[in-house]
Amino acid sequence: MWGKMLKLKFLGNICCIQQRDQVDSTVMWSNCNVCIEENKQCNGDHIIVEDRNNTNTTEDSANIDTKHDANADCSFVHAVINMVGMLIGLGQLSTPYAIEKGGWLSVLLLIGLGLMCTYTSHILGKCLEKNPKLTSYVDIGNQAFGSKGRYLVATLIYMDIFMALVSYTISLHDNLITVFIGTRLNLQLAKLKTSQLLTVVAVLIALPSLWIRDMSSISFLSSGGIIMSLLTFVCVVATAIFGGFQASNHSIPVFKPHNIPSISGLYIFTYGGHIVFPDLYKAMKDPSKFTKVSIVSFTIVTALNTSMGFMGAKMFGNDVKSQITLSMPPKKIITKIAVWATVLTPMTKYALEFAPFAIQLEHALPNSFSGRTKLVIRGFVASLLLLFILTVALSVPYFEHVLSLTGSLVSVAICLIFPCVFYMKICWGKITRPLLVLNIFLVIFGFLLGVMGTISSTKLILENFLSHHST
């Protein structure tokens, strides 16, 4: 069973790459994905064309539909496992901090956002049901608003990738301090602290993974990160049960409304997975059960988020850090396992997160370049970008604020606003008045939440940055 589950997760990751790869498919590339992976020149017998409705088709679309039907073997249980696996990750580390800062009543916002994202997952399925030719989140944007919708969605996807990688690198930096506590490194040529030098070393160790071209290897590496995330959650639960904490000694504030804008981005980030949901829909044996899959999956994830949030807030109270692993007793073996798992997670994510950009870069290179030349250019550019991300992460090492900014600026649009707007545009004739009101409300609510969260998070980042550099 575990072998099949892992295989399905690999498929989900590859689908994510293929979905993001369609970002610029309105452009007539001289190469296609298949030919790039096989290091040969495209012979033009599967070039993407664009019909009058701006919906991408292929000259052998009938064959593609047949292959899709043959490959759509994901059962209900496996679809739930895949969706939960997509949603569990970096955001869970910050929920105890968010609940402590917002008060226990802010959990209503966490649960409410879970319900809203369940609904927006459902309506993405309705958009795909309306037009079976749509295969990705980008395609849905294209169907709704043409090339402008496609490019807007593509821009947000790449923003999401960039900001998530910055957050992962900050998490790596923060947890390395705990792993190598007491370690001192001094390099006269570099005016960097020990923690910064350790982060540079860790990123350099992960750098060769960006040169991997085989999708199966990249997916295997990323699946290790998923296992690490689950291991971290298990360690936190074990600490709460067997760690000897007097949970009753720490009371959670009732409500801190002034902190809601800054923590709302942390909450919405934990539900960010809608980009790959169309791929999961297409992989299901029975897509009509996609809504039930969404309900079960978001219920599980919301329960995990809420339980981890309350456990962390009750265990550590006002001393809880922005990442729960940083609050755990450093000398306990269970803490060492959790921290190491958190350190390894970002190092396994880099290759997968960079894959969409790398594929597009290969498309843009001249056809006369050899496969090896393209690989060198792809790896070199990706390495430079990762070093730039490292520089940004070390310059603004404020995990909770950067993660909140990511949620408020990008995730709220991808998870709340866009699905509702796309649904109203694509399914306009079939939407009842109550549903229309609901979708308009979600768009307005998401917009206001995003604006307030973005302003608050940006302000906090600037305040911390200026305060740090003025001392």
Note to self: Going through the cross-link list Lys191/Lys321; Lys148/Lys349; Lys126/Lys285; Lys193/Lys349; Lys126/Lys430; Lys282/Lys430, which pairs have a Cα-Cα distance over 18 Å in this structure?
What the structure shows: Lys191/Lys321; Lys148/Lys349; Lys193/Lys349; Lys282/Lys430
Check: Of all chymotrypsin sites (Phe, Trp or Tyr not before Pro) in region 243-308, which ones are in loop regions per DSSP and have a Cβ with at most 15 other Cβ atoms within 10 Å?
Finding: Phe255
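Expressed in nm to one decimal, what extension gain is obtained for the pair Lys336 and Ala238 from 0.36 nm per residue of sequence separation less their Cα-Cα distance?
Numbers: separation 98, 0.36 × 98 = 35.28 nm, distance 1.26 nm.
The Lys336-Ala238 span can extend by a further 34.0 nm.
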Check: Taking only the alpha carbons of region 333-397, what extent do you get along each of the three principal axes, in Å, biggest first?
Finding: 54, 24, 15
Note to self: Need one number: nm distance between label points at Leu462 and Arg184, each 7 Å from Cα along Cα→Cβ, rounded to one decimal.
What the structure shows: 3.9
Item checked: Amide H partners (placed H, <5 Å) of Ser327, local residues excluded -> Lys321
Next item on the list: Arrange Ile205, Ile359 by Cβ neighbour counts within 10 Å, fewest through most, would you?
Entry: Ile205, Ile359
Margin query: Run the simple label-point estimate for Val77 and Ser470 please: 7 Å along Cα→C-beta, distance reported in nm.
Written below: 5.9
Next item on the list: Using label points projected 7 Å from each Cα along Cα→Cβ, tell me how many nm separate Phe380 and Lys289, to one decimal.
Entry: 5.0
Next item on the list: Could you list Val320, Val179, Val296, Val412 in order of exposure, starting from the residue whose Cβ has the fewest other Cβ atoms within 10 Å?
Entry: Val179, Val296, Val320, Val412
Next item on the list: Compute the distribution of all C-alpha to C-alpha distances in region 85-218, in bins of 5 Å from 0, and list the percent of pairs in each, rounded to whole numbers.
Entry: 2, 7, 9, 13, 15, 14, 13, 12, 7, 4, 2, 1, 0
Next item on the list: May I ask for the equivalent-ellipsoid semi-axes of region 366-471, computed as the square root of five times each C-alpha gyration tensor eigenvalue and listed largest first in whole Å?
Entry: 36, 28, 7
Next item on the list: Could you calculate the FRET efficiency of Ile111 with Phe441 from 1/(1 + (r/R0)^6), where r is the beta carbon distance between them and R0 is 25 Å, rounded to 0.05?
Entry: 0.90
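Taking K and R as +1 and D and E as -1, what net charge do the other residues with C-beta under 14 Å from the C-beta of Ala240 add up to? List each step's numbers first, then the result.
Values: positive: Lys314, Lys332; negative: none.
My count for the surroundings of Ala240 gives +2.
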Notebook entry, point to check: Tell me, what ³J(HN,Hα) does each residue in region 102-108 have, in order and in whole Hz, if you take phi through Karplus 6.51 cos²θ - 1.76 cosθ + 1.60 with θ = phi - 60° and put x for Gly and Pro?
Noted result: x, x, 5, 5, 5, 4, 4
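Read the figures in this text as sums done on the coordinates, not as results from a lab. Note that the structure is a prediction, hence the values are computed from the model and not measured. In this analysis, Cβ positions are derived from the backbone assuming ideal geometry, glycine residues included, and neighbour counts consider all displayed protein chains.
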